[in-house]
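Every read-out reported here was derived from the displayed coordinates using simple, explicitly stated rules and does not represent laboratory data. Predicted model only: the values in this text are computed from it and were never measured. Note: ideal-geometry Cβ built from the backbone for every residue, glycine included; neighbour counts use all protein chains shown.
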Ligand SMILES: [Fe+2]
Ligand SMILES: [Fe+2]
């Protein structure tokens, strides 16, 4: 059983096993007064046998949260709040306001005619549109129109603002940022645009029209930034790509039919610190369990099913959000026998990979499925 296998013992050679004596306790006090300490008193804690996430697997039901998100419209203005967002607060990560690991996420609501002031920050950000119409984002002068299941980037250092057109409907989207990571690295700057709004300097949706054409790149197109110039990934094209790929692949035993959103210039992740993917679970598909380092937040873009995370089953439907903490076993299932289910995911894989910390393991026992609590 997985749990027994993971019960590593500390009373073995090579691990710290020093028993307290009056002399040693006095010695530790002496060290403490000098702002120092004996490594063997903390070694087993700071160097666990394997990653120990303080994040808890959580499912945030959209049905439960939606009413409260909409209530915020009557309680605060976007001007006063800066950004009117209800954030996802993982019980194990409340000290850093993270939804999982070093990732922050929240649900933002805007009414027609509202605009949030332009700003920029060192944290990288994305949004995934959940409902409404008429939403737009402006990133460094590039204006993008947004519809449900569109995925939008606001990379670190770019000026950005969001709004909903006068003739639109109330909009809700999921924000995702690496705020906790950038704060942990003590590298976060935040700036409000001097004019509070930025001028739109290009044709609407120009970046998607320029960089979002499959297998084609603009002649003479130059881009040397560390993030993707394709600021918006439209749902229609993404879903079409998944369907086409599903016709040609068996898929992954752990993820079904999965495609990663990429920077079209170098096929790398969309931003330097945040990666994203969309996966399709075919009708009736149940994946096998695996685990890997990195933190993952999923939003159900389509369909209904469940995921077993760390031995616990979470049933989900469209718009629900759930997290998979680092090194937690997880597997997914589509509960429909006729329709596909699609899961949007964003994660810190680019950080794990670029730092050489990515590791993955398949569950060997029990036919590749977790025993449930
Ligand atoms: Fe922002
Ligand atoms: Fe996975």
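Listing for the model above:
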{"quantity": "Residue ranges of strands (runs of 3 or more DSSP E) in region 279-351 with at least 3 members near ligand 2 (Cβ under 10 Å from one of its atoms) and over 20 Å from residue 242 (Cα atoms)", "calculated": "290-292"}
{"quantity": "Those residues of region 349-373 which are within 29 Å of residue 152 (Cβ to Cβ) and touching a strand residue (DSSP E or B) at 6+ places or on another chain (Cβ under 6 Å), in sequence order", "calculated": "349, 350, 360"}
{"quantity": "Which listed residue is free of Cβ contacts under 8 Å to residues at least 40 places away in the same chain, over 19 Å from the mean Cα position of the chain (by Cα) and in a loop (DSSP other than H, G, I, E, B), from 135, 36", "calculated": "36"}
{"quantity": "Scope region 118-129; condition part of a strand (DSSP E or B) and within 10 Å of ligand 1 (Cβ to nearest atom); matching residues", "calculated": "118, 119, 120, 121, 125, 127"}
{"quantity": "Pairs, first touching a residue at least 60 places away in the same chain (Cβ under 8 Å) and more than 18 Å from residue 84 (Cβ to Cβ) in region 160-188, second away from ligand 1 (no atom under 15 Å from the Cβ) and assigned to a helix (DSSP H, G or I), C-beta under 6 Å, six or more apart", "calculated": "180/96"}
{"quantity": "The listed residue being crowded, with 18+ Cβ neighbours inside 10 Å, within 25 Å of the chain's Cα centre (by Cα) and either over 25 Å from residue 139 (Cα atoms) or away from ligand 1 (no atom under 16 Å from the Cβ) (or both), out of 255, 224", "calculated": "255"}
{"quantity": "Count - residues of region 57-97 that are outside any loop (DSSP other than H, G, I, E, B) and under 14 Å from residue 175 (Cβ atoms)", "calculated": "9"}
{"quantity": "Residue that is farthest from residue 131 (Cα to Cα) [pool: residues in region 93-107 that are buried (at least 23 other Cβ atoms within 10 Å of the Cβ) and over 10 Å from the mean Cα position of the chain (by Cα)]", "calculated": "93"}
{"quantity": "Which numbered condition residue 143 fails, given (1) part of a strand (DSSP E or B); (2) within 15 Å of ligand 1 (Cβ to nearest atom); (3) within 21 Å of residue 193 (Cα to Cα)", "calculated": "(2)"}
{"quantity": "Residues located in region 98-117, provided they are part of a strand (DSSP E or B) and more than 20 Å from residue 179 (Cα to Cα)", "calculated": "110, 115"}
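Residues checked against (1) in contact with a strand residue (DSSP E or B) (Cβ under 6 Å, 6 or more places away or on another chain); (2) surrounded by fewer than 20 Cβ atoms within 10 Å (Cβ to Cβ):
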position: 179; (1), (2): yes, no
position: 191; (1), (2): yes, yes
position: 197; (1), (2): yes, yes
position: 203; (1), (2): no, yes
position: 209; (1), (2): no, yes
position: 216; (1), (2): no, yes
position: 230; (1), (2): no, no
